Amino acid sequence: MREAIVVLAAVGVLGGCAGETESAARAAGPRAVAKLQPTTGNQATGTATFTQRGNRVVVDAHVSGLAPGREVGFHIHEKGDCSSGDGMSAGPHFNPLGKQHAHFTTSERHAGDLSALRADTSGNGRLSIEVDVITVTDGPTSIVGRGLIVHADPDDYKTQPTGNAGARIACGVIHLS
């Protein structure tokens, strides 16, 4: 009898944990994904997910094929078009609010200004940040259908309008998932 009570208690605890996980999943809103493909002559590939959580978006990115130990620019661009070999078909940074290019933590910035990616010694970059200004839901700041670009150089967060981040080494289109 005592063993049955312990088993039932464990099932109740585990059931409660599963319920919490399901609640957390429900609290997260819509999700979008971009599959990054290399531009001509480059090797960078990866995936980025964008998950709406209230009025913020959680960005998780994994990119390989970067120069080892290097920091590179990472931006959302105006057009969801990666058809040109150099990524230029994605257009300029996504900037629906008409702001200047700046660091992603400032309020006065392009909606598409994200944190830099930093590659490890194997050329793999990971990024997990939470940002405002953009949304996965409908509206003027929605990133769905936009381009995601990995640049060859670090973003200086000052030079207008690009941050002097250099060539576009990978491009992806952001789609709802």
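Using +1 at the C-beta of Lys and Arg and -1 at the C-beta of Asp and Glu, which of Phe74, Val144, Asn164 has the Cα lying farthest in the positive direction of the dipole of region 29-176?
Of the listed residues, the answer is Val144.
Magnitude of the Cβ-charge dipole of region 94-177, K/R +1 and D/E -1, about the Cα centre, nearest 20 debye?
Roughly 140 debye for region 94-177.
For the pair Leu176 and Arg53, what calculated FRET efficiency results from E = 1/(1 + (r/R0)^6), where r is the Cβ-Cβ distance and R0 = 22 Å, to the nearest 0.05?
My answer for the efficiency is 0.90.
Multiply the residue gap between Thr40 and Ser128 by 0.36 nm, knock off their C-alpha separation, and tell me the result in nm, one decimal place.
29.0 nm
Every number in this text was worked out from the coordinates using simple rules, so none of it is lab data. Bear in mind the structure is a predicted one, so any value in this text is a computation, not a measurement. For neighbour counting, all protein chains shown are included, and Cβ atoms are generated from backbone atoms with ideal geometry for every residue, glycine included.
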